[in-house]
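One structure below.
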Amino acid sequence: MSNPTQQPPRLLRAAVAGSVILMIAAGGLFYYASQVASEKRKANAGNEITVTIHPKSCEPNALTLPAGRASFRIVNASDRAVEWEILDGVLVVEERENITPGMSQLINANLEPGDYAITCGLLSNPRGTLKVTPTAESDARAKARPAMTAFIGPLSEYRVYLNTQGGALVQAVDELAAAIQAGDLAQARALYAAARVPYQRLAPAAQRFAQLNNAVDARADYYEKREQDPAFTGFHRLEYGLFAQNSTDGLAPVAQQLQADVATLKAQLLAQPIPPDQLVNIVARNLHTLADTRYNGEQERYSHLDLSGFAANLEGTGKVIDLLRPLLAKSAAKLLPQIDTAQQKLAGRLAGLREGDTYKPYDQVNDEQRKAIASDARALADTLDGIDQALGLSAL
Amino acid sequence: MKKTPLALLFTLGALSAPSFAADASSLDLVQPISDYKIYVTDEVGKLVTETKAFTDAVKKGDIATAKKLYPTTRVHYEAIEPIAELFSDLDAAIDSREDDHENGVKADDFTGFHRIEYGLWAQNTTKGYEGFADGLNNDVLRLQKQIADLTFPPEKVVGGAAALMEEVAATKVSGEEDRYSHTDLYDFQSNVDGAKKIVDLFKPQIVKKDKAFADKLDKNFATVDAILAKYKTKGGGFETYDKVKDADRKALIGPVNTLAEDLSTLRGKLGLD
């Protein structure tokens, strides 16, 4: 195998050196030409900024410009192929890589107001700064409600979340079914608790599928003969067996059906698109049911695992809030701190009822505490109800 | 890390045409973008697992195993470069070349895959590379975390297909990327697969806008794949890049550049400029 690190022959070295000099000269010429051209362009459209990459620095290396579309003409006056990037924190906003020595490239960017960093050629070169100042237009845009395209990212990320939690749910129910099949009561109880967590995280979205969700999560009261009704299936039928009857007897077919149902649920969650207004509605609705009925402990009446379910509901809600956070910060600056405060209040309330790495059994949570949970959940749901109007979701 | 200027000229044309395609149909992009994140998450998971095995071999001084794992580990990075290179510092730490550093191979901050590649092939050693192995392992773990936390910018995902083919044009056809090991064809295939993945995920939307364009993309992908297939080895790997015939290198340039140029119009076509 050839060894590329061997010294090249002298003639070749001379040729390379010569071509480098030529390239630098060409770069100079190009720089001059582009300066002239850029002056002309400035006279016409304005906004094209020339940046020259020297071997150890960029010129200019500190830029200030107004928000909006800008064009950067990057001239490589160094002797290596290099890159130039605009960074927002750790993230690249725009970049051009492999700019050939002596050549220039144009970067178009649509910049929001803020402070950015610039990488300039070699990695050891000092970074530059880019300050983008607000304009009347950018201020107006910031106040305007977001366009439909602004929701593609958050909605995509929520679908990824449903995929992750759906996958975790399918796996947890498979493990639960195996423990039931093996007749291991203690293990089955522990795995029931574990499987409820991913379910409660995605419950707001699952509740869109009325029939399927009933098969998974319906309580005994929905059936004529309650616990004795042969149609009573799903998680809570298992919960009844494991925690009220203290047995895995007869639960295997129920667990098997639940395996099939959560697999279908996962597929449905991925198949059915959620419009932007629904994304907020479903988590708000989930919290309203907590505040109106579930706070009384009806959901996990045999296992008393309600608190960890509430905490998982709140995690699912927190995911949606975080996904919409950039849009809220821009277009609903007054509402966002109210949402955060309400979320922290409920989170703090639940955290106060933790016992080690689990939660207090709900039958040990007194009426006053339960009402306080309901009240905090309602307050959060109410602030979330304000998002629709603030972001103009229904009008999209 | 490197891309070509070739396709840039064509990007400009697309950028200058303003698009007001932001309507309800833009929600059609949610499924392919989230499916792309699921794909990237899966790939970065494999990158983490296989990098651990690769760096373990380096730390054990097992040169033969490390050389064997180097190209197959990297493919998981190359396939997801449109997202991976959004993290500028990590991309530099994981995938920079000696010429990105003032002091070349001797630079302290020349780290990552290519630093270890240099040790394995140019110096035929793992001695002194234990720290680089640990560093690479930590960096891919950090990358995995950053990707998990990132809401994928739709325009970067759609633009990523072009970015990958530009990468091929700039660094694979010339053989600069894996200059010590000459394992460029693994990366080459992986860049192409990564670009094709994006095109396939957005296929329904692309076909709706321009069926002939979709067909042309497929045809050029097939041409590139057919040439690469000639250099596949029995074990599922690839020949070293120095074995690729001149005629084939030339035959690759056309479809690669056409793909890069065509794909650079994708953002505009899908209303994301």
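Need one value: the accessible area of B:D246 in square angstrom, 1.4 angstrom probe, rounded to the nearest 10.
In the full protein context, B:D246 sits at about 110 Å².
Under a Cβ-only charge scheme (Lys and Arg +1, Asp and Glu -1), can you give me the dipole magnitude of segment B:97-156 about the Cα centre, in debye to the nearest 20?
200 debye
With springs only between Cα atoms under 10 Å apart, run a GNM on chain B and tell me which of B:V199, B:V30, B:V58 wobbles the most.
The residue that fluctuates most here is B:V30.
Any idea what angle helix A:276-292 forms with the longest principal axis of chain A, computed on alpha-carbon atoms, 0 to 90 degrees, nearest 10?
Taking Cα atoms only, the helix is inclined about 30 degrees.
Which one, A:P55, B:G237, A:A342, projects farthest toward the positive side of the charge dipole computed for the protein assembly as shown from Cβ point charges (K/R +1, D/E -1)?
A:P55
Of all accessible surface on chain A at a 1.4 Å probe, what whole percent is carbon and sulfur?
54 percent
Got a number for the accessible area of B:T49? Probe 1.4 Å, square angstrom, nearest 10.
90 Å²
Given 37 °C and 0.692 mPa s, compute D for chain B with the Stokes-Einstein relation, Rh being the Kirkwood radius over Cα pairs; round to the nearest whole µm²/s.
My calculation gives 171 µm²/s for D.
Probe radius 1.4 Å, ligands and nucleic acids left out: which of B:H101, A:H288 has the largest accessible area, and how do the rest follow?
A:H288, B:H101
Of B:W121, A:W84, which has the most accessible area and how do the rest follow, probe 1.4 Å?
Output order, biggest surface exposure first: B:W121, A:W84.
Counting only other chains, what is the mean number of Cβ atoms within 10 angstrom of the Cβ of each residue in peptide B:145-158?
3
Accessible area per residue, 1.4 Å probe, Å², for segment A:277-374: what's the number?
44 Å²
Counting only heavy atoms of the protein chains, get the accessible area per residue of segment B:71-199 (1.4 Å probe) and round it to a whole Å² value.
With all protein chains present, segment B:71-199 gives 27 Å² per residue.
Taking chain B as the reference, fit the longest principal axis to its C-alpha atoms, fit the long axis of helix B:246-263 to the helix C-alpha atoms, and give the angle between the two in degrees, 0 to 90, nearest 10.
50 degrees
So, taking all protein chains as they sit and a 1.4 Å probe, how much accessible area belongs to B:L27, in Å² rounded to tens?
For B:L27, the solvent-accessible surface is approximately 40 Å².
DSSP loop GluC sites (Glu not before Pro) in segment A:208-267 with at most 13 other Cβ atoms within 10 Å of their Cβ, which ones?
Passing sites in segment A:208-267 are A:E224.
Over the protein assembly as shown, what is the percentage of antiparallel beta bridges among all DSSP beta bridges, to the nearest 5?
Once the DSSP bridges in the protein assembly as shown are tallied, antiparallel ones form about 70 percent.
What does the C-alpha gyration tensor say about the overall shape of chain A? Classify as rounded when a/c is under 1.5, otherwise prolate if a/b is larger than b/c, or oblate.
The shape class here is prolate.
Report, as a whole number in µm² per second, the diffusion coefficient that Stokes-Einstein gives for segment A:150-272 at 37 °C and 0.692 mPa s using the Kirkwood radius over alpha carbon pairs.
Diffusion coefficient, whole number: 223 µm²/s.
Choose one of A:P326, A:S375, A:S156: the residue whose Cα lies farthest towards the positive end of the charge dipole of chain A (beta-carbon charges +1 Lys, Arg; -1 Asp, Glu; about the Cα centre).
Farthest towards the positive pole: A:P326.
Give me the percent of the accessible area of segment B:204-251 that comes from carbon and sulfur atoms, probe 1.4 Å, all protein chains in place. If you can, show how the numbers build up before the last one.
On the way: 1660 of 2950 Å².
Reported share for carbon and sulfur atoms: 56 percent.
What distance in nm separates the two pseudo spin-label positions at A:S247 and A:D363, each 7 Å out from Cα along the beta-carbon direction?
1.9 nm
Apply the a/c threshold of 1.5 to the C-alpha gyration tensor of segment A:262-332 and tell me whether it is rounded, prolate or oblate.
Because a/c hits 1.5 or more and a/b fails to exceed b/c, segment A:262-332 counts as oblate.
For segment B:180-201 and segment B:29-80, write down the distance between their C-alpha centroids in whole Å.
Each part reduced to its Cα centre gives a spacing of 13 Å.
With chain B treated as a Gaussian network of Cα nodes joined by springs under 10 Å, which of B:G112, B:G159, B:G254 yields the largest mean-square fluctuation?
Per the Cα network of chain B with a 10 Å cutoff, B:G254 tops the list.
Do any residues of segment A:137-160 show a loss of at least 30 square angstrom of accessible area between the isolated chain and the full protein assembly, using a 1.4 Å probe, and if so which?
Flagged in segment A:137-160: A:M148, A:T149, A:I152, A:G153, A:L155, A:S156, A:E157, A:R159, A:V160.
Which residues, if any, in segment A:97-125 lose at least 20 square angstrom of accessible heavy-atom surface (probe 1.4 Å) when the other protein chains sit next to their chain rather than the chain being alone?
In segment A:97-125, residues shielded by partner chains: A:E97, A:N98, A:Q105, A:L106, A:N108, A:L122, A:L123, A:S124.
Estimate for me the total accessible surface buried between chains A and B (protein heavy atoms, probe 1.4 Å, no ligands or nucleic acids), in Å² to the nearest 100.
Result for this pair: about 3900 Å² buried.
Taking beta carbons within 10 Å but only from partner chains, what does the mean come to for residues A:70-83?
If you average over the peptide's residues, the count of other-chain Cβ atoms is 2.
For segment A:48-133, what are Rg and Dmax over the alpha carbons, in angstrom?
Rg, Dmax (Cα atoms, Å): 11.7, 34.
Run through every distinct alpha carbon pair of segment A:45-88 and return the Kirkwood hydrodynamic radius in angstroms, one decimal place.
11.6 Å
If you take the charge dipole of chain A about its Cα centre, with +1 on Lys and Arg Cβ and -1 on Asp and Glu Cβ, which of A:V254, A:I387, A:A351 is farthest toward its positive end?
The one lying farthest along the dipole's positive direction is A:I387.
Sequence gap at least 6, Cα distance under 8 Å: using those rules, report the relative contact order of chain A to the nearest whole percent.
Rounded, it is 13 percent for chain A.
By the gyration tensor of its Cα atoms, with a ≥ b ≥ c the square roots of the eigenvalues, what is the shape of segment B:117-273: rounded for a/c under 1.5, prolate for a/b over b/c, or oblate?
On the way: a/c = 2.65, a/b = 1.33, b/c = 2.00.
Oblate, since a/c reaches 1.5 and b/c is not below a/b.
Can you compute the helix-only [θ] at 222 nm over chain A? Use -39500 (n - 2.57) per DSSP H run of at least 4 residues, normalise by all residues, nearest 500 deg cm²/dmol.
Calculated at 222 nm, the ellipticity per residue is -18500 deg cm²/dmol.
In Å and whole numbers, how far do the C-alpha atoms of segment B:79-196 stretch along each principal axis, longest first?
43, 32, 24
Suppose every Lys and Arg Cβ carries +1 and every Asp and Glu Cβ carries -1, with no other charges. What dipole size does the protein assembly as shown come out with about its Cα centre, to the nearest 20 debye?
That gives a dipole near 920 debye.
Translational diffusion coefficient of the protein assembly as shown at 25 °C, 0.890 mPa s, Stokes-Einstein with Kirkwood Rh over Cα pairs, in µm²/s as a whole number.
88 µm²/s
With charges set only on the Cβ (+1 for Lys and Arg, -1 for Asp and Glu), what does the dipole of segment A:146-207 come to about its Cα centre, in debye to the nearest 20?
Roughly 160 debye, rounded to the nearest 20.
The values are calculated or read from the model by the stated rules, or taken from the named source; none is laboratory data. These numbers were taken from a predicted model, which means no experiment stands behind them. Positions of Cβ are backbone-derived with ideal geometry, glycine not excepted, and every protein chain shown enters the neighbour counts. Just the protein is used for accessible areas: all its heavy atoms, side chains included, with ligands, DNA and RNA removed. Shrake-Rupley method; radii C 1.70, N 1.55, O 1.52, S 1.80 Å.
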